[in-house]
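Student: What follows is a single structure, and I will ask about it in a moment.
Just so it is clear, none of the values below were taken in a lab; they were calculated from the coordinates. Given the structure is predicted, the values throughout are model-derived calculations rather than measurements. Backbone-built Cβ (ideal geometry, glycine too); neighbour counts: all protein chains shown.
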Amino acid sequence: MQTEGEKLNKVGLEAVIENLLSVVLVLNRDKTIVLTNRMAEFFTDKSRKELVGLKGGEAFNCIHAHELKSNCDSKQQCKNCDVRLIV
């Protein structure tokens, strides 16, 4: 269970992420998106509901994403992927 301070910190962090003028994608261990901000919605032209659960390549419409649905970051082409290199 979270303490009151932990809840406030989480709310504060979410507010900071939301108001950044950069794309923010928070990924889990499986490189799946778990949190985004409004700039991510703008640049990907997808809603948060659509983004959560996607891999980076899927979010940014990688031409190889449909081939790699469960293994984004596993093909030769992925070594030079802009999303992968930035993350």
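Student: Can you tell me the order of 39-46, 21-28 when each peptide is scored by its average per-residue count of other Cβ atoms within 10 angstrom, highest first?
Tutor: Numbers: 39-46: 15.9, 21-28: 13.5.
The densest-packed peptide leads the list: 39-46, 21-28.
Student: At Val26 and Thr3, where each label point lies 7 Å from the Cα along Cα→Cβ, what is the point-to-point distance in nanometres?
Tutor: The two pseudo-label positions are separated by 1.9 nm.
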